[in-house]
1. Looking at the stretch 111-123, can you tell me whether even one residue there is outside any helix (DSSP H, G or I), surrounded by 18 or more Cβ atoms within 10 Å (Cβ to Cβ) and at pLDDT 85 or above?
2. Name the residue that is modelled with the lowest pLDDT, counting only residues in the stretch 260-299 that are of a type in the set (S, T, N, Q) and loosely packed, with under 14 Cβ neighbours inside 10 Å.
3. Limited to the stretch 40-81, what total is found for residues that are at pLDDT 65 or above and of a type in the set (S, T, Y)?
4. Hey, does the stretch 217-226 have a residue that's surrounded by fewer than 21 Cβ atoms within 10 Å (Cβ to Cβ), closer than 16 Å to P173 by Cα, modelled with pLDDT of 90 or more and β-branched (V, I, T)?
5. Based on this model, can you work out whether Q186 counts as touching a residue at least 40 places away in the same chain (Cβ under 8 Å), closer than 20 Å to G95 by Cα and buried (at least 23 other Cβ atoms within 10 Å of the Cβ)?
6. Residues of the stretch 78-98 being of a type in the set (V, I, T) and either within 15 Å of the chain's Cα centre (by Cα) or not in a helix (DSSP H, G or I) (or both), which ones?
7. Give the residues of the stretch 1-39 that are at pLDDT 85 or above and in a loop (DSSP other than H, G, I, E, B), sorted by residue number.
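The values are calculated or read from the model by the stated rules, or taken from the named source; none is laboratory data. Quick caveat, the model's predicted, so the values are computed rather than measured. Cβ coordinates were reconstructed from backbone atoms using ideal geometry, including for glycine residues, and neighbour counts include every protein chain displayed.
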Amino acid sequence: MAHLATKRYTYGSQLAILIGLLCVGFLASQVITALALSSYIKIGASEKEMMAKILVPENANLLRLMQFISVLFMFFIPTLLYAKICHWKPFEHVGFKKELPLLPLLLAILIIFSAMPLVGAMRDLTMHLPLNNWIKTKILDSKENYFKEVIVIGRMNSFGEYLLSLFVIAVLPGLFEELFFRGGLQNLFTRWFKNPAAAILLSAFIFSAFHFEFSDFLGRFLLGIVLGWIFYQTGNLWINVIMHAAFNGFSVTGLYMIARSHEKIDASKLDDSFSLPQVFVTLLVMGLLVYYFHKQMSARHTEPGKEIIMKGYEDYSNPFATTEPAILEENKQENE
């Protein structure tokens, strides 16, 4: 439902509140994580020594717990508090709609899966950029640590562990990250800038940067653009949550299938490469899906960037409410 979006907070104030809550959540997650790792961290040990101590299969449940705490305190709690503080209808504002249309959901999942080869191609492109040796070394180190962490968290010796990994690696990030980056950040930027493309690109850039996995920066940036565009088209955060969870869940399922085959998981197998013909076919398929999705949504969606007055909240002096004549006249007629 369309609604008056803000409790008279300026957009700059809203951003400051969101960032402030994010910083508090980050500090809380770091303190809790440090306490959880206190018995594993040796004073004066280097980062490489600490990672070697932590990233072992025996610590799988500990790392899963750390993952949960991190995304809970950094993304989920701050965004809900921000929405509650700044907006009249916080859950509706961030995109938690009551309905979940099936066709747009299925199309969105197909679009995100069709983007997978492009994400892999972006990773290859990153490693072929003319970067100096120090930067390339940092990128390779971050990629190695990321794959090691995924392998440990994704250790699955049973179907129960598979479900647990699916929940921690796919479902939770799908919910918590989409709430912050799309329902919170992109939503704010869209309303503020009045430029959906700029809002999508900026939030996608921040989304990729926050993962601190530099070999996949361009790939996640592309992924953020796709997720951001879908959210702008639908305004329905549940679609984004399911898309994100399905994308991550595909990787988790792949790891589980390898574990079931009793084959040792090799980090190099997680780093796929793609040929130019594959990329071309991917672009074609993805383009057709995007066109059909946009065509389906164009007749029935309300863009999340629109500030529309809800009945009972009319205040034509409010600078954050729409002043479009057609919408004002419609609201007046509904009230008569």
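1. Going residue by residue through the stretch 111-123, those that are outside any helix (DSSP H, G or I) are 115.
In the following step, the residues that additionally are surrounded by 18 or more Cβ atoms within 10 Å (Cβ to Cβ) were identified as 115.
After this cut, where a residue has to be at pLDDT 85 or above as well, the list is 115.
There is at least one residue in the stretch 111-123 that is outside any helix (DSSP H, G or I), surrounded by 18 or more Cβ atoms within 10 Å (Cβ to Cβ) and at pLDDT 85 or above.
2. So in the stretch 260-299, the residues of a type in the set (S, T, N, Q) come out as 261, 268, 273, 275, 278, 282, 296, 298.
Cutting the leftovers down to loosely packed, with under 14 Cβ neighbours inside 10 Å gives us 261, 268, 273, 275, 298.
Values: S261: 72, S268: 49, S273: 56, S275: 66, S298: 79.
Only one residue fits best here, namely S268.
3. 2
4. Scanning the stretch 217-226 turns up no residue that is surrounded by fewer than 21 Cβ atoms within 10 Å (Cβ to Cβ), closer than 16 Å to P173 by Cα, modelled with pLDDT of 90 or more and β-branched (V, I, T).
5. On the way: touching a residue at least 40 places away in the same chain (Cβ under 8 Å): yes; closer than 20 Å to G95 by Cα: yes; buried (at least 23 other Cβ atoms within 10 Å of the Cβ): yes.
Yes: the conditions hold for Q186.
6. Taking the stretch 78-98 and keeping what is of a type in the set (V, I, T), we get 79, 85, 94.
Within the stretch 78-98, T79, V94 qualify.
7. none
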